[in-house]
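K.L.:
Mind looking over this structure? Questions follow.
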Amino acid sequence: MLEIRGLHVHYGGVHALRGLSLAVSPGEIVALLGNNGAGKTTALAAVSGLVRPSAGTIVFRGEDITGERPHRIAARGLAHVPEGRGVFGTLTVHENLQLGGHPVRDRAEVRGRIERVYGLLPRLAERRGQQAGTLSGGEQQMLAIGRALVAGPELLLLDEPSMGLAPMMVASVMELIAGVNAEGTSVLLVEQNATAALGIAHRGYVVGGGVLTLDGPAAGLREDPRVVAAYLGG
Ligand code: ATP
């Protein structure tokens, strides 16, 4: 589904990614873990075309997309929910979901997808006429994910969806992600909350200083003393 090989990204003099390689297979949830500044957000930004890599390749669904424009990459079936959600606060829940369907030509298809999102997220269905800025943080996160789903992505990139949420909301958001994945969408999940991410992921990667430091099945990472010490508060 997605293969990143030897990726380097520079921001001026900052060498943020230093040869990162990772892959997501169809149907997987893959967690991307690491401390602040490790390069996780940069990796997602490079995949969705928001930053241009200085070296390396990104292959999505068998095609080299390295350096392609973001809207072209999105049209190939990739949706990115950036850190901080970015819902349109003065628009209603329903209008935010409609915006997610903007690139889709078939309006009936968009209406169907919005109804499926409401089915998955009854809390949003009840609030469809409410201004998005008045939703709770967790509801806004769900709306951001729901909006990405209306585009009908094959792969969903999620940047720290648990950020700033109370533990119960974190559990609900993880449940939503697992549900979306069960319906066939692959997921690359960036998280500081390793416990939550490894609870739903199939596999995981740990990055540090722009390179991979560990990878493996989620169950193995949950038990790995290095992960426990660094990320699971062990
Ligand atoms: P966090 O969990 O704190 O979001 P992260 O793992 O997502 O961290 P990145 O945001 O990818 O890390 O940042 C990787 C490195 O690149 C950091 O050293 C950061 O300061 C630097 N960096 C990121 N964006 C820029 C930018 N626009 N200009 C300059 N340096 C940047």
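K.L.:
Taking the stated definitions as given, is Gly67 farther than 25 Å from Leu165 by Cα, free of Cβ contacts under 8 Å to residues at least 40 places away in the same chain and in contact with an Asp or Glu (Cβ under 7 Å, 6 or more places away or on another chain)?
P.N.:
The answer is no for Gly67.
K.L.:
Would you point out which residue out of Gly129, Gly119 is over 20 Å from the mean Cα position of the chain (by Cα), over 28 Å from Val207 (Cα atoms) and part of a helix (DSSP H, G or I)?
P.N.:
Gly119
K.L.:
Let me ask something else about it. For region 74-87, name all the residues that are of a type outside the set (D, E, K, R) and surrounded by 15 or more Cβ atoms within 10 Å (Cβ to Cβ).
P.N.:
The answer is Ala74, Gly77, Leu78, Ala79, His80, Val81, Pro82, Val87.
K.L.:
Here's another thing I want to ask about it. State whether one or more residues within region 60-72 are within 16 Å of the ligand (Cβ to nearest atom), over 12 Å from Arg5 (Cα atoms) and outside any helix (DSSP H, G or I).
P.N.:
For region 60-72, residues within 16 Å of the ligand (Cβ to nearest atom), over 12 Å from Arg5 (Cα atoms) and outside any helix (DSSP H, G or I): absent.
K.L.:
State all residues of region 132-168 that are assigned to a loop (DSSP other than H, G, I, E, B), under 16 Å from Ile114 (Cα atoms) and either of a type in the set (Lys, Arg) or under 12 Å from the mean Cα position of the chain (by Cα) (or both); if no residue qualifies, say none.
P.N.:
Result: Pro153, single match.
K.L.:
Output the residues belonging to region 73-106 that are within 16 Å of the ligand (Cβ to nearest atom), part of a loop (DSSP other than H, G, I, E, B) and not small (Gly, Ala, Ser).
P.N.:
Matches in region 73-106: Pro82, Glu83, Arg85.
K.L.:
If we keep just the residues of region 1-52 that are within 19 Å of Glu63 (Cα to Cα) and open to solvent by 60 Å² or more (accessible area, probe 1.4 Å), which is nearest to the ligand (Cβ to nearest atom)?
P.N.:
Checked region 1-52; the qualifying residue nearest to the ligand (Cβ to nearest atom) is Leu50.
K.L.:
Which numbered condition trips up Glu109, out of (1) exposed (fewer than 14 other Cβ atoms within 10 Å of the Cβ); (2) free of Cβ contacts under 8 Å to residues at least 40 places away in the same chain; (3) assigned to a helix (DSSP H, G or I)?
P.N.:
Evaluating Glu109 over (1) exposed (fewer than 14 other Cβ atoms within 10 Å of the Cβ); (2) free of Cβ contacts under 8 Å to residues at least 40 places away in the same chain; (3) assigned to a helix (DSSP H, G or I) leaves (2) as the failure.
K.L.:
Then there is this: Can you tell me which of Gly86, Gly137, Gly129, Gly67 is modelled with pLDDT under 95 and more than 30 Å from Val211 (Cα to Cα)?
P.N.:
Result: Gly137 is the single residue among Gly86, Gly137, Gly129, Gly67 that is modelled with pLDDT under 95 and more than 30 Å from Val211 (Cα to Cα).
The values are calculated or read from the model by the stated rules, or taken from the named source; none is laboratory data. These numbers were taken from a predicted model, which means no experiment stands behind them. Positions of Cβ are generated from backbone atoms using ideal geometry, with glycine treated the same way; all protein chains shown enter the neighbour counts. Surface areas here come from the heavy atoms of the whole protein model, side chains and all, with no ligands, DNA or RNA. Shrake-Rupley method; radii C 1.70, N 1.55, O 1.52, S 1.80 Å.
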